[in-house]
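Taking it in order: structure first as structure tokens, then the write-up.
The values are calculated or read from the model by the stated rules, or taken from the named source; none is laboratory data. The structure presented is a predicted model; accordingly, all values stated were derived computationally and were not measured. No Cβ is skipped: glycine too gets one built from the backbone with ideal geometry, and neighbour counts run over all protein chains shown.
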């Protein structure tokens with residue numbers, strides 16, 4: 001990868017933040033009923049995808065901070081799901 005193709009850490013962090021904000025905006029626009037409807041992948045609803053993302057975030061947090069709890073990882077996961085969508 002050439003230096004022109006490399007992104008700086010602040011650029012990468014801003015892009016990730018923008019992605020989470022976009023996801024949050026899309027999810028907030030849904031009703032709990034809409035979040036439970038299977039769609040993009042057969043058998044997977046929005047709440048299924050959010051649970052999957054939250055699980056991966058928890059695993060990533062545990063893998064990157066094995067000796068202590070990382071409250072920032074929990075905050076990141078909390079921004080992208082709403083508890084009422086995860087109730088079955």
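Here is a yes/no grid of residues against (1) assigned to a helix (DSSP H, G or I); (2) modelled with pLDDT of 55 or more; (3) crowded, with 17+ Cβ neighbours inside 10 Å:
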{"position": "50", "(1), (2), (3)": "yes, yes, yes"}
{"position": "55", "(1), (2), (3)": "yes, yes, no"}
{"position": "67", "(1), (2), (3)": "no, no, no"}
{"position": "80", "(1), (2), (3)": "no, no, yes"}
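Just wondering, is there one or more residues in the stretch 30-41 that are assigned to a helix (DSSP H, G or I), under 17 Å from the mean Cα position of the chain (by Cα) and surrounded by 14 or more Cβ atoms within 10 Å (Cβ to Cβ)? Yes, the conditions are met somewhere in the stretch 30-41.
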